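Q: Dumping the structure here so I can ask a few things about it.
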Amino acid sequence: MIYPNKVVIHLLDGNTIKGTAQSPSLSDEIITVHTVDNEFKKIKADKVKAVYFVKDWEGNPEYSEKTTVPSEKETYSNVIQLEFKDGEIIEARIQYLPPTKGFYIIPPDANSNNKRIYVRRSALKEIKIIP
């Protein structure tokens, strides 16, 4: 694989693409992925729901991932709740919510397969700041 990060890209149409990719910048309009099938694909960012940076492509299907952030406060980050247009809800830590087309979040479960997630704003129904 060419790129440094293992990713699972979730598209707005429900499909997924597994491969490696560079970390998208907050303003990228195209995301290039080297797929596990050894193809290079250029994906329009406006077709992307989220890019999951993963430890491995298969994960652990039997693991029950935590989707809420523990209640202890940390001063370096805020907790947000994201509701995607497809109904998925995730809580996550974020240091800063930039006014860009995409942003990175830190998943709530350190033991999950997801290390970080790049979220496209256009895939969201709502963003809530959790006090």
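Q: Look through region 6-17, keep the residues that are of a type outside the set (A, V, I, L, M, F, W, C) and surrounded by fewer than 17 Cβ atoms within 10 Å (Cβ to Cβ), and return whichever of them is nearest to the chain's Cα centre (by Cα).
A: Here the answer is T16.
Q: Go through the residues of region 53-70 one by one and say whether even a single one is modelled with pLDDT of 90 or more, surrounded by 12 or more Cβ atoms within 10 Å (Cβ to Cβ) and not in a loop (DSSP other than H, G, I, E, B).
A: Looking through region 53-70, at least one residue is modelled with pLDDT of 90 or more, surrounded by 12 or more Cβ atoms within 10 Å (Cβ to Cβ) and not in a loop (DSSP other than H, G, I, E, B).
Q: A further question on this structure: For F53, all conditions in the list (1) of a type in the set (F, W, Y); (2) farther than 17 Å from P4 by Cα; (3) within 16 Å of the chain's Cα centre (by Cα) hold save one; what is the number of the exception?
A: Result: F53 fails condition (2) only.
Q: Let me ask you something else. When the residues of region 22-41 are narrowed to those that are within 18 Å of N114 (Cβ to Cβ) and modelled with pLDDT under 90, which ends up surrounded by the most Cβ atoms within 10 Å (Cβ to Cβ)?
A: The residue in question is P24.
Q: Continuing with the same structure: In region 111-129, is there at least one residue being closer than 26 Å to Y3 by Cα, surrounded by 14 or more Cβ atoms within 10 Å (Cβ to Cβ) and more than 16 Å from the chain's Cα centre (by Cα)?
A: No - not one qualifying residue is present in region 111-129.
Q: What about V48, is it of a type in the set (V, I, T), out of contact with any Gly (no Cβ under 9 Å at 6 or more places or on another chain) and surrounded by 14 or more Cβ atoms within 10 Å (Cβ to Cβ)?
A: no
The values are calculated or read from the model by the stated rules, or taken from the named source; none is laboratory data. This one's a predicted model, so the numbers in the text were calculated from it and none came from an experiment. As a convention, Cβ positions derive from the backbone with ideal geometry for all residues, glycine included, and neighbour counts pool all protein chains shown.
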